[in-house]
Amino acid sequence: DSGVTQTPKHLITATGQRVTLRCSPRSGDLSVYWYQQSLDQGLQFLIQYYNGEERAKGNILERFSAQQFPDLHSELNLSSLELGDSALYFCASSVGLGGKSTDTQYFGPGTRLTVL
Amino acid sequence: AQKITQTQPGMFVQEKEAVTLDCTYDTSDQSYGLFWYKQPSSGEMIFLIYQGSYDEQNATEGRYSLNFQKARKSANLVISASQLGDSAMYFCAMREGRGNYGQNFVFGPGTRLSVLP
């Protein structure tokens, strides 16, 4: 158990809908990262938040947005869902910004999103 | 161009033998970090080992060691004394520095390791 929690574990929805994925980082970790893992794209970095502020952006679509709240939990919002958005979405957390050897990212169990 | 290359889509190893999983990377940053993660069939991502670009010694964590060859831009994972529980997908990943504005993280396509009894 990494200490990172994600809810829900599974999510099934229809095209065009909007969903919210939730992540609670490990106690003491200030950074939260979101990743998408799909069969054709592999593991893709989406976005990073550090202590409530956006700090790095990867291959995140405009239909997707995220935020980190004062209690450091984070939510990933996916809207106007398409079939291709079906994937495993991981959240990870680290102590700092990720630039030091101690800033290892610990991953949550993931949320499996199925868009029908 | 791929930033992380893992040329072995699948590997087999006999139980108790050692195995090397290859990883080459591409970056122009001087400061970067290299990671290996394990993903069993259950789906979770498990951190194995980290190597910083300025680390002079190869990282080791129990049965895992990282063979870091900076000039060749390779960061191969060596698993000694393979166990059946080592059967999983293994991902090489890189953190590129962006100063105080966060980092960029790139994962390779993975290598599926199967340990044979």
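The values are calculated or read from the model by the stated rules, or taken from the named source; none is laboratory data. Because the structure is predicted, anything quoted here is derived from the model rather than measured. Neighbour counts run over all protein chains shown; Cβ positions are idealised from the backbone, glycine included. Surface accessibility is based on the protein's heavy atoms, side chains included, excluding ligands, DNA and RNA. Shrake-Rupley method; radii C 1.70, N 1.55, O 1.52, S 1.80 Å.
Here are the numbers for this structure:
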read-out: Average accessible area per residue (Å²) across the protein assembly as shown - probe 1.4 Å, nucleic acids and ligands excluded; value: 48
read-out: Restricting region A:1-91 to trypsin sites (Lys or Arg not before Pro) in coil, as DSSP defines it, with at most 14 other Cβ within 10 Å; value: A:9, A:18, A:63
read-out: Zero-based 5 Å bins, Cα pair distances in chain B, whole percents; value: 2, 12, 23, 25, 19, 11, 6, 2, 1, 0
read-out: Ranking by accessible area, most exposed first, for B:78, A:95, A:4 with a 1.4 Å probe; value: A:95, B:78, A:4
read-out: Cα-derived Rg to Rh of region B:1-53, Kirkwood definition; value: 1.00
read-out: Once the Cα gyration tensor of the protein assembly as shown is diagonalised, semi-axes √(5λ) in Å; value: 29, 21, 16
read-out: Loop GluC sites (Glu not before Pro), region A:38-116 (other Cβ atoms within 10 Å of the site Cβ: 10 or fewer; DSSP); value: A:62
read-out: Radius 13 Å from Cβ of residue A:114, net charge of other residues (Lys, Arg +1; Asp, Glu -1); value: 0
read-out: Carbon plus sulfur fraction of accessible area for region B:1-96, probe 1.4 Å, in percent; value: 47
read-out: Other-chain or far-sequence residues with amide H under 5 Å of residue A:105's (modelled H); value: none
read-out: Highest-MSF residue in chain B out of B:15, B:96, B:44 [GNM, Cα springs under 10 Å]; value: B:44
read-out: Normalised contact order of chain A, rounded percent, pairs of Cα under 8 Å and 6 or more residues apart; value: 36
read-out: Percentage, to the nearest whole number, of Cα pairs in chain A over 24 Å apart; value: 19
